[in-house]
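Values quoted throughout were computed directly from the atomic coordinates according to the rules given, and no laboratory measurement underlies them. No experiment lies behind these values; they were computed from the predicted model shown. Neighbour counts are summed over all protein chains in view; Cβ atoms, including those assigned to glycine, are modelled from backbone coordinates with ideal geometry.
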Amino acid sequence: MPCDPSEAREILDQVFDRFKDFYLTTSVLSVIRTYVPKNNADMELWTFFCATVDFQVPVIGWLIPMLKALLREIEEERLKFIDLVEDPIGAKEILSNFE
């Protein structure tokens, strides 16, 4: 039985609308979506970083709070994530002060 792609998309959109609040608060996507990137490469690096650390870690109790705190630290320094990637010495300084 063939599936019409537009029908499948409509159904998935409806499911997303019903569950998005729950999904975004229980997923590392919540941290990705709150980030304001410098450019596309910055967003891709941040997303890749978040996805990479999202293994075998309690998401709600540990990972989301940790990533949100890291974002606050970066924003307080008026930096973007890509700045940490491009400046390992500056990244080491920020991460050593990060709690």
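Note down the net charge around E86, summing +1 for each Lys or Arg and -1 for each Asp or Glu among other residues with Cβ under 11 Å from its Cβ.
It works out to a net charge of -1.
I'm spelling it out carefully: the read-out is Cα extents along the principal axes in Å, the candidates are (i) 57, 29, 22; (ii) 100, 17, 16; (iii) 89, 29, 22, and one was derived from this structure. Which label?
Computing Cα extents along the principal axes in Å and matching it to (i) 57, 29, 22; (ii) 100, 17, 16; (iii) 89, 29, 22 gives (i).
So, with +1 on the Cβ of K and R and -1 on the Cβ of D and E, and no other charges, what is the size of the charge dipole of segment 1-40 about its Cα centre, to the nearest 20 debye? Don't skip to the end; give the middle numbers.
Numbers: 5 positive and 6 negative charges, 73 e Å.
With only Lys, Arg, Asp and Glu charged at Cβ, the dipole is about 360 debye.
Going toward the positive end of the dipole of segment 5-97, with +1 on Lys and Arg Cβ and -1 on Asp and Glu Cβ, which of Y35, I11, I60 do you reach last?
I60
Run the dipole for segment 5-97 about the Cα centre, Lys and Arg Cβ at +1, Asp and Glu Cβ at -1, nothing else charged, and hand back the magnitude in debye, nearest 20.
Working: 10 positive and 16 negative charges, 38 e Å.
Dipole size: approximately 180 debye.
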